[in-house]
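The values are calculated or read from the model by the stated rules, or taken from the named source; none is laboratory data. This one's a predicted model, so the numbers in the text were calculated from it and none came from an experiment. Note that each Cβ is placed from the backbone with ideal geometry, even for glycine, and that neighbours are counted across all protein chains shown. The area values use the complete protein model at the heavy-atom level, side chains included, leaving out ligands, DNA and RNA. Shrake-Rupley method; radii C 1.70, N 1.55, O 1.52, S 1.80 Å.
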Amino acid sequence: MIIRNGFGPFLYYDGQEREELGMMKTGLVMEGGAMRGLFTAGVIDVFMENGIEFDGGIGVSAGAAFGGNYKSKQIGRVLRYNVRFAKDPRMCSFRNLIFTGDLYGAKFCYDTLPNELDVMDREAFVTNPMKFYIVATDAKSGEPVYQELEDLAPVDMDWMRASASMPVVSRAVKINGHEYLDGGISDSIPLKAFEEMGYEKNVVILTRPWGYRKTPQKAMGFMKAMLRRYPGVSKALSVRHTVYNETLDYIEERRKAGAAYVICPPQALHIGKIEHNPEVLRSVYYQGRLAGEKHLEAVKKFLETVNEDE
């Protein structure tokens, strides 16, 4: 199959064709981090503008909610709706938390917004051959669950919401008789899982600067009390820093082996999990764009060398 973009024609094989030809599949792994995800949004917009294609993508929390726009090919949508509704209490407010149990309004964020106010392109999502997965945490076991989103039907939006449902400030999302919470609890950067799913050459977008290491969960006693219905989640949170830091070590191993390409902010992103200032949102997004532009040629080269060793 030949695809054309602004840089001319190039060969592109979708995931099924790669499997049939015995070729490596390429993947995009997107960490969460609440509003730090605007950094990821900036990076992926640059990728889309320059015709960068992947066989599959996987996102966690904000990486899921924002990363889905890669498959629907909606450049600029993440920044647009976040700025537009930054101060709208329906999107994020303590009023929501008090009256619904969700800091981020479930119906507004995962129904009204994508279906009416800034519509996600379902047709583009379905027709794009790129596979897209999210990570959620099983609230009973505390184990990660990897779910493919296929058509943005209501159940897909429930999975996306589950991936971004932070403990304590969100209700667990019920899907098919099970309850789920934020994927970052159990697998914040699912590179290893994605490799096991067959994606051998991956670009990894982090929302913390390289060299960052996670420390133990603060106020663990309080968290356990608030999550007494979900001891598996409490256990996962208690070891999350260890798992996260081991994952960073694994990413570095894969980077040195030439199997992963890492993009991350050059310094800490000064943005909170809750952010109502549009200028701060724009700043983090444009930091992501700068990173995307800086790494663009290297990412192209990384993806072009997928099968050189075969």
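Values as computed for the structure displayed
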| quantity | calculated |
| --- | --- |
| Degrees between helix 37-49 axis and first principal axis of the chain (Cα, 0 to 90, nearest 10) | 20 degrees |
| Geometric extent, Cα atoms of the chain - Rg, Dmax (angstrom) | 18.6, 58 |
| Pairwise FRET efficiency - residue 229 versus residue 293, Cβ, R0 = 35 Å, nearest 0.05 | 0.15 |
| Gaussian network model of the chain, Cα within-10 Å springs - most flexible of 67, 51, 27 | 51 |
| Packing rank of 34-45, 148-159, where each peptide gets the mean count of other beta carbons within 10 Å, highest leading | 34-45, 148-159 |
| In order through the range 203-218: 3J(HN,Hα) via Karplus (6.51 cos²θ - 1.76 cosθ + 1.60), integer Hz, x for Gly, Pro | 8, 10, 9, 9, 10, 10, x, 4, x, 5, 9, 7, 9, x, 4, 6 |
| Principal-axis tilt of helix 154-163 within the chain, Cα atoms, nearest 10 degrees | 80 degrees |
| Zone of residue 219's modelled label, taken as backbone nitrogen in the range 169-188 under 19 Å from a point 7 Å along Cα→Cβ | 169-172, 182, 185 |
| Antiparallel %, DSSP beta bridges [both residues in the chain], to 5 | 45 percent |
| Heavy-atom accessible area per residue - the chain, 1.4 Å, Å² | 46 Å² |
| ³J(HN,Hα), Karplus 6.51/-1.76/1.60, whole Hz, each residue of the range 292-298, x for Gly, Pro | x, 5, 5, 9, 4, 5, 5 |
| Distance in nm between pseudo-label sites at residue 90 and residue 257 (7 Å out along the Cβ direction from Cα) | 4.8 nm |
| Partner lysines for residue 235 [C-alpha distance under 25 Å; skip if fewer than 8 residues away on the same chain] | 140, 174, 192, 214, 218, 224, 273 |
| Estimated FRET transfer efficiency when R0 is 25 angstrom, pair residue 80-residue 304 (beta carbons, to 0.05) | 0.20 |
| Reachable lysines from residue 301, criterion Cα separation under 20 angstrom, eight or more residues apart if same chain | 25, 201, 256 |
| Relative contact order for the range 44-168, counting Cα pairs under 8 Å that sit 6 or more residues apart, in percent | 32 percent |
| 14 Å beta-carbon shell around residue 118, net charge (K/R +1, D/E -1) | +1 |
